[in-house]
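Student: Right, I'll just put the structure down here and ask away after.
The values are calculated or read from the model by the stated rules, or taken from the named source; none is laboratory data. The structure displayed is predicted, hence computed values, not measured ones. In this analysis, Cβ positions are derived from the backbone assuming ideal geometry, glycine residues included, and neighbour counts consider all displayed protein chains. For accessibility, only protein heavy atoms count, side chains too; no ligands or nucleic acids. Shrake-Rupley method; radii C 1.70, N 1.55, O 1.52, S 1.80 Å.
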Protein chains: 2
Amino acid sequence: MPSDRVVVIGAGPAGLEAARLAAELGSDVTLVEKHDSPGGMPIQANYAALTHGFRPAAAAMGEMIEAAMGTGRVDLRLGSEVTAVEGSAGDFAVTIGSNGSAERIDAGAIILATGFQHFDPGRETQQYQYYEFPDVITIADAESMLSAHEFVVPSTGQPPKRVAFIQCVGSRDRQIGNEYCSKVCCGISSKQAIEVRQQVPDARVFIFYIDMRMYGYWENEIYWPAQEQHKVNYVKGIVTEILSKGGRLVVRGEDTTMGRPMEVTMDVVVLAVGMEPSQGTRRMAEVLGLPTNKYGFVETDHDRLDTVTTTVPGVYVAGAATGPSDLDDSISAAGAAAAKAVAFLRNAEVLV
Amino acid sequence: MPSDRVVVIGAGPAGLEAARLAAELGSDVTLVEKHDSPGGMPIQANYAALTHGFRPAAAAMGEMIEAAMGTGRVDLRLGSEVTAVEGSAGDFAVTIGSNGSAERIDAGAIILATGFQHFDPGRETQQYQYYEFPDVITIADAESMLSAHEFVVPSTGQPPKRVAFIQCVGSRDRQIGNEYCSKVCCGISSKQAIEVRQQVPDARVFIFYIDMRMYGYWENEIYWPAQEQHKVNYVKGIVTEILSKGGRLVVRGEDTTMGRPMEVTMDVVVLAVGMEPSQGTRRMAEVLGLPTNKYGFVETDHDRLDTVTTTVPGVYVAGAATGPSDLDDSISAAGAAAAKAVAFLRNAEVLV
């Protein structure tokens, strides 16, 4: 039967914000999260500070969780997954599976917020030897170390003397099929570079990049301080391979500004891996019958200036399930998705 | 007396979207626009195509206007300005001036969507001679010519043979006080470069840049096609001055990839001017008592992962009034602002 409940799938930043706002707009919300705790990637991947004012990720996510749950209208289902959706807009039957049992609930609208996963740097980019060399890590690995205030050379446990970030791993790369730019890796790498300089003041830090995409305020909030206050070295250059020599890493490539080949020794190399649709995003796109683009992200009607409405009536999407997104993108889109979902239900009620 | 009306200030993309969604969520809306027609910068500045699928800007804005007005709950006040705001959240008295007369209306919440203005390239960047040489134009001027399908050399009326875009005019520039990146100029310049190549197939087109910030899908939707299908030439280089020689323009600077000085002749030079807060944004920040950052943009609580809530209860902001924004940013934030404004009013009603 027609329902004005909103089911939000995924309890990361976008899902929490969408759930909270749909609830504040008067809808009952079921928030479905496959992990055993809410917070999404910042919590699952143990992020250190956010690019927003360098706030601890756990504190910022904690506030979002509190805000959503504080509405008193959000039914949070942890360790749960949506396994089937039947019916149509205004009158969906959503099957939620948890620990082998299944429950069907009625919902009028659905908001998908299942996000991204980090590109697997073993996949077709093995020139960076992620699975071969312990001292080649990803920005996700770096977050965990920074979060614990233990940024060390993994193979020795010692503080590094030289750290290199390599940008665009799994992004802007036709060979692996990800031609898009992942938006946030420049900002996150620069933020991490600053944190490394703060935690290991003796370390020299280098960022090898194609273009530094510090759009908007990241330019003055992160990029300039990284260079001026924290002495991070930016090198426009392409890294072609990483070798191991005498227990340290050798980074080979071309310094395109200097127009010459380079070969530099590093203790830790951090791969700035890009975004790909999460398994949850791929699976939910199938369950809900949502068209995806060639990369597997869910399509919205961008041409019509709509960032959240899918082609399936009553189904909205927010955050990195639609493609590379920063936190502002995700939060804003979540608000828009909540507004459109609740507006749709209001309108449907009028029609009933 | 307490009101559940929402006043939206500015009828550009963000204002139209916010008005429409607040209306669809059940609020009566007064939409105040100082110009004599709605649509905001895309209409005022006569934009050609949007970066979204190269759709004609007028058509896309027309749809947004229709959607907002189609709700039947949006009272559009053209040629009008908010001149004073009294009272507080839930109970504002908003004075709207129009043609010398003034009217006070009650409102529960206010959404500011007064946007940006293009950086004035005469201001402290006179090395580019915008006001001296007729063939030095801005991306805003170029939009108008492309919109009319008359992309010509202004001084001769003839089709150009060589066109140069210069990026970051009024952005990423400490000397003029705008350290931020304006986000959209790379995308818009590249879109225009494609349009020039389509409308004037004999023209060679060059883009001089520091970093090409084609974040997200712009990489594959605009940047790669610009280079591969439309043969736009990207040159990482800094332009230091523009001279006039024999009726043509001479662009001087440094090609930083080649590491050598350059001096090239052009027929038209397009300055990719960045975003600054509009006069309306500055004025409304004063009227509403909203804190602004050092650039004059309205501040929101970014650290707390809120893109639209200002420090004044009941007052929200969306779009480029908060800083450089692309259309997706503006549309998403507008949805979030509508959701938060209406949620606030719902909550206030409960308290009354």
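Student: Of the numbered conditions (1) under 30 Å from A:H35 (Cβ atoms); (2) open to solvent by less than 30 Å² (accessible area, probe 1.4 Å), A:K236 satisfies every one except a single condition; which is it?
Tutor: It fails just one condition, (1).
Student: The conditions are (1) modelled with pLDDT of 95 or more; (2) open to solvent by 30 Å² or more (accessible area, probe 1.4 Å); (3) of a type outside the set (A, V, I, L, M, F, W, C); (4) outside the structural domain of A:V184 (by TED's automatic domain parsing), and A:Y295 fails exactly one of them. Which is it?
Tutor: With respect to (1) modelled with pLDDT of 95 or more; (2) open to solvent by 30 Å² or more (accessible area, probe 1.4 Å); (3) of a type outside the set (A, V, I, L, M, F, W, C); (4) outside the structural domain of A:V184 (by TED's automatic domain parsing), A:Y295 is out only on (2).
Student: Take B:G187 and tell me if it is within 20 Å of the chain's Cα centre (by Cα) and open to solvent by less than 10 Å² (accessible area, probe 1.4 Å).
Tutor: Yes: the conditions hold for B:G187.
Student: Please work out which one of (1) within 17 Å of the chain's Cα centre (by Cα); (2) assigned to a helix (DSSP H, G or I) is the condition B:K34 fails and give its number.
Tutor: Against the list (1) within 17 Å of the chain's Cα centre (by Cα); (2) assigned to a helix (DSSP H, G or I), B:K34 comes up short only on (2).
Student: Further question: Could you tell me whether any residue of the range A:262-270 is assigned by TED's automatic domain parsing to the domain that holds A:R123, in contact with a helix residue (DSSP H, G or I) (Cβ under 8 Å, 6 or more places away or on another chain) and at pLDDT 95 or above? Break it down into steps so the answer makes sense when it comes.
Tutor: First, pick out the residues of the range A:262-270 that are assigned by TED's automatic domain parsing to the domain that holds A:R123: A:262-270.
Right, trim to in contact with a helix residue (DSSP H, G or I) (Cβ under 8 Å, 6 or more places away or on another chain) and you get A:269-270.
From what is left, the residues that are at pLDDT 95 or above are A:269-270.
Yes.
Table: residues versus (1) modelled with pLDDT under 95; (2) more than 11 Å from every other protein chain (Cβ to nearest Cβ).
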residue: B:V8; (1), (2): no, yes
residue: B:A11; (1), (2): no, yes
residue: B:L21; (1), (2): no, no
residue: B:T51; (1), (2): yes, no
residue: B:M64; (1), (2): no, no
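Student: Of the residues that make up the range A:121-134, is at least one touching a strand residue (DSSP E or B) at 6+ places or on another chain (Cβ under 7 Å) and part of a strand (DSSP E or B)? It would help to see each step written out before you state the result.
Tutor: Restricting attention to the range A:121-134, the residues satisfying the condition of being touching a strand residue (DSSP E or B) at 6+ places or on another chain (Cβ under 7 Å) are A:121, A:125, A:127-130, A:133.
Narrowing the set further to residues that are part of a strand (DSSP E or B) leaves none.
Within the range A:121-134 (the criterion being touching a strand residue (DSSP E or B) at 6+ places or on another chain (Cβ under 7 Å) and part of a strand (DSSP E or B)), the answer is no, since none of the residues qualifies.
Student: Condition test on A:S37, is it closer than 20 Å to A:G314 by Cα and touching a residue at least 40 places away in the same chain (Cβ under 8 Å)? So that I can check it myself, show each step before the final result.
Tutor: Values: closer than 20 Å to A:G314 by Cα: no; touching a residue at least 40 places away in the same chain (Cβ under 8 Å): yes.
So A:S37 fails the test.
Student: Return the residue satisfying two criteria in turn: it lies in the range A:233-244 and is among the hydrophobic types (A, V, I, L, M, F, W, C) and closer than 24 Å to A:S190 by Cβ, and of such residues it is farthest from the other protein chains (Cβ to nearest Cβ).
Tutor: First pass over the range A:233-244, keeping only residues among the hydrophobic types (A, V, I, L, M, F, W, C): A:235, A:238-239, A:242-243.
Filter again for closer than 24 Å to A:S190 by Cβ, leaving A:235, A:238-239, A:242.
On the way: A:V235: 13, A:I238: 12, A:V239: 17, A:I242: 24 Å.
Checking each candidate, the answer is A:I242.
Student: Taking B:D211 as the residue in question, decide whether it is at pLDDT below 95, of a type outside the set (A, V, I, L, M) and not in a strand (DSSP E or B). Walk me through how you get there before you give the answer.
Tutor: On the way: at pLDDT below 95: yes; of a type outside the set (A, V, I, L, M): yes; not in a strand (DSSP E or B): yes.
The answer is yes for B:D211.
Student: Now for a separate question. Would you pick out the residues in the range B:13-31 that are assigned to a loop (DSSP other than H, G, I, E, B) and open to solvent by 10 Å² or more (accessible area, probe 1.4 Å)?
Tutor: Initial filter on the range B:13-31 (assigned to a loop (DSSP other than H, G, I, E, B)): B:25-28.
Residues satisfying the conditions are B:L25, B:G26, B:D28.
Student: Moving on to the next point. Only one of these conditions is not met by B:F165: (1) open to solvent by less than 20 Å² (accessible area, probe 1.4 Å); (2) within 14 Å of another protein chain (Cβ to nearest Cβ); (3) assigned to a strand (DSSP E or B). Which number is it?
Tutor: (2)
Student: Of the residues B:S182, B:S171, which is at pLDDT 95 or above and either of a type in the set (S, T, Y) or open to solvent by 10 Å² or more (accessible area, probe 1.4 Å) (or both)? Full working, then the answer.
Tutor: On the way: B:S171 fails: at pLDDT 95 or above.
That would be B:S182, the only listed residue that is at pLDDT 95 or above and either of a type in the set (S, T, Y) or open to solvent by 10 Å² or more (accessible area, probe 1.4 Å) (or both).
Student: Taking only pairs six or more apart or across chains, which ones have beta-carbon atoms under 6 Å, a first residue in the range B:244-269 that is more than 24 Å from B:D202 (Cβ to Cβ) and of a type outside the set (S, T, Y), and a second residue that is open to solvent by less than 90 Å² (accessible area, probe 1.4 Å) and in a loop (DSSP other than H, G, I, E, B)?
Tutor: That search, which allows pairs on different chains as well, returns B:G259/A:G259.
Student: While we're on this one: Might you let me know whether the range B:313-326 holds any residue that is open to solvent by 10 Å² or more (accessible area, probe 1.4 Å) and farther than 30 Å from B:S88 by Cα?
Tutor: The answer is yes; a qualifying residue exists.
Student: Being over 23 Å from the mean Cα position of the chain (by Cα) and on the phi > 0 side of the Ramachandran plot is the filter; apply it to the range B:68-107 and report the residue that is most open to solvent (accessible area, probe 1.4 Å).
Tutor: Once the filter is applied, the top-ranked residue is B:N99.
Student: A further question on this structure: Going through the range A:310-352 one residue at a time, which ones are free of Cβ contacts under 8 Å to residues at least 24 places away in the same chain and of a type in the set (A, V, I, L, M)?
Tutor: A:A343, A:V350, A:L351
Student: A:P277 fails exactly one of the following numbered conditions: (1) within 14 Å of another protein chain (Cβ to nearest Cβ); (2) open to solvent by 20 Å² or more (accessible area, probe 1.4 Å). What is the number of that condition?
Tutor: The failed condition is (2).
Student: Does B:V136 satisfy the condition of being closer than 30 Å to B:P313 by Cα and either among the hydrophobic types (A, V, I, L, M, F, W, C) or in the same structural domain as B:T30 (by TED's automatic domain parsing) (or both)? I'd like the intermediate steps shown before the answer.
Tutor: Values: closer than 30 Å to B:P313 by Cα: no; either among the hydrophobic types (A, V, I, L, M, F, W, C) or in the same structural domain as B:T30 (by TED's automatic domain parsing) (or both): yes.
No, not satisfied.
Student: Being touching a residue at least 24 places away in the same chain (Cβ under 8 Å) and in contact with a Leu (Cβ under 7 Å, 6 or more places away or on another chain) is the filter here; which residues of the range A:52-61 pass it?
Tutor: The answer is A:H52, A:A57.
Student: Still on this model: Being open to solvent by 30 Å² or more (accessible area, probe 1.4 Å) and either charged (D, E, K, R) or touching a residue at least 40 places away in the same chain (Cβ under 8 Å) (or both) is the filter; apply it to the range B:281-292 and report the residue that is farthest from the other protein chains (Cβ to nearest Cβ).
Tutor: So the first thing to find is which residues in the range B:281-292 are open to solvent by 30 Å² or more (accessible area, probe 1.4 Å), and the list is B:282-283, B:286-287, B:289, B:291-292.
Add one more test, that the residue is either charged (D, E, K, R) or touching a residue at least 40 places away in the same chain (Cβ under 8 Å) (or both), and what stays is B:282-283, B:286-287.
On the way: B:R282: 18, B:R283: 22, B:E286: 22, B:V287: 24 Å.
Checked the range B:281-292; the qualifying residue farthest from the other protein chains (Cβ to nearest Cβ) is B:V287.
Student: Please work out which one of (1) in contact with a Lys or Arg (Cβ under 7 Å, 6 or more places away or on another chain); (2) within 13 Å of another protein chain (Cβ to nearest Cβ) is the condition B:V205 fails and give its number.
Tutor: Tallying (1) in contact with a Lys or Arg (Cβ under 7 Å, 6 or more places away or on another chain); (2) within 13 Å of another protein chain (Cβ to nearest Cβ), B:V205 fails exactly one: (2).
Student: Quick check on this structure: which one of B:I65, B:I110 is part of a strand (DSSP E or B) and surrounded by 15 or more Cβ atoms within 10 Å (Cβ to Cβ)?
Tutor: Being part of a strand (DSSP E or B) and surrounded by 15 or more Cβ atoms within 10 Å (Cβ to Cβ) holds for just one of B:I65, B:I110, which is B:I110.
Student: Here's something else I'd like to know. Within the range B:245-261, how many residues turn out to be more than 14 Å from every other protein chain (Cβ to nearest Cβ) and more than 25 Å from B:Q158 (Cβ to Cβ)?
Tutor: Start the filter on the range B:245-261 by keeping residues that are more than 14 Å from every other protein chain (Cβ to nearest Cβ), which leaves B:245-253, B:261.
Checking which are more than 25 Å from B:Q158 (Cβ to Cβ) leaves us with B:253, B:261.
Going through the range B:245-261 one residue at a time, the tally reaches 2.
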